[in-house]
Amino acid sequence: MNTFSAQTESDAVVPASRSDIWAALTDPDLLPRLTPFLEHIEADGDLWRWELSKIPILGVAIAPCFTERMTFDPETRIEYTHAPPAGTTERTGVEGWYQLDDVDGGTRLRISLTIDAQLPLPKSSGFAVRKVMSSVVDRMGDRFAANLLDHLGVTA
């Protein structure tokens with residue numbers, strides 16, 4: 001197994017209230033409806049277990065499940081830290097944050113996430129694996145953004 005990473009960052013002004021965006025980003029039942037590949041989130045306080053559907057990466061299909069410690073600074077910031085339960089091995093994890101700030105015309109939403117995945121692929125395939133992972137993450141982000149705007153009843 002080798003570990004491969006993909007990072008995504010975005011920065012946008014969403015023409016909606018910070019409270020409405022916050023409500024969507026902290027709803028473990030809503031997020032799977034907004035996010036491609038995300039099947040289910042099981043929230044237990046600040047520990048959230050994220051379950052994704054199968055994602056093909058260079059002939060290997062993975063269905064990531066990972067546990068994140070979610071730190072919430074109400075209506076301002078969400079931080080993700082990979083926190084697998086004791087005695088378990090999770091081959092995928094996320095580190096990062098969402099930041100919400102009031103601006104003229106809505107809410108500035110900034111996102112920074114790094115996804116690490118252990119895959120049964122050689123290290124020499126790193127460039128290709130990162131390219132595929134980044135493509136999947138970008139598509140997920142684009143669809144999430146469109147679905148979030150739709151959920152909020154606003155246009156881009």
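Laboratory data are not the source of any read-out in this text; all were calculated from the coordinates shown. Treat the numbers as computed from the prediction; the structure is a model and nothing was measured. Virtual Cβ from ideal backbone geometry, glycine too; neighbours counted across all protein chains shown.
Table for the structure above
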read-out: Rounded to 10°, Cα long-axis angle of helix 126-152 versus longest principal axis of the chain; value: 30 degrees
read-out: Relative contact order (%) - the chain, alpha-carbon pairs under 8 angstrom, separation at least six; value: 33 percent
read-out: Isotropically averaged projected area of segment 82-136, using the convex hull of Cα atoms (one quarter of hull area), nm²; value: 5.9 nm²
read-out: Distance between modelled label sites at SER10 and ASP101, nm, 7 Å Cα→Cβ extension; value: 1.9 nm
read-out: Sparse-neighbourhood loop sites, trypsin sites (Lys or Arg not before Pro) in segment 80-155 - DSSP loop, at most 13 other Cβ within 10 angstrom; value: none
read-out: Computed [θ] at 222 nm, helices only, for the chain once each DSSP H run of length n ≥ 4 contributes -39500 (n - 2.57); value: -8000 deg cm²/dmol
read-out: Residue-span extension gain [ARG130 to ALA24] - 0.36 nm each, minus C-alpha spacing; value: 35.3 nm
read-out: Projected area averaged over orientations for the chain, convex hull of C-alpha atoms, nm²; value: 9.0 nm²
read-out: Test item: Cα-centred dipole of the chain, Lys/Arg +1 and Asp/Glu -1 on Cβ, debye; value: 780 debye
read-out: Sites THR155 and PHE72, calculated FRET efficiency, Cβ-Cβ separation with R0 25 Å, nearest 0.05; value: 0.35
read-out: Highest-fluctuation residue, PRO56, PRO84, PRO28 considered, GNM on the chain with Cα pairs under 10 Å; value: PRO56
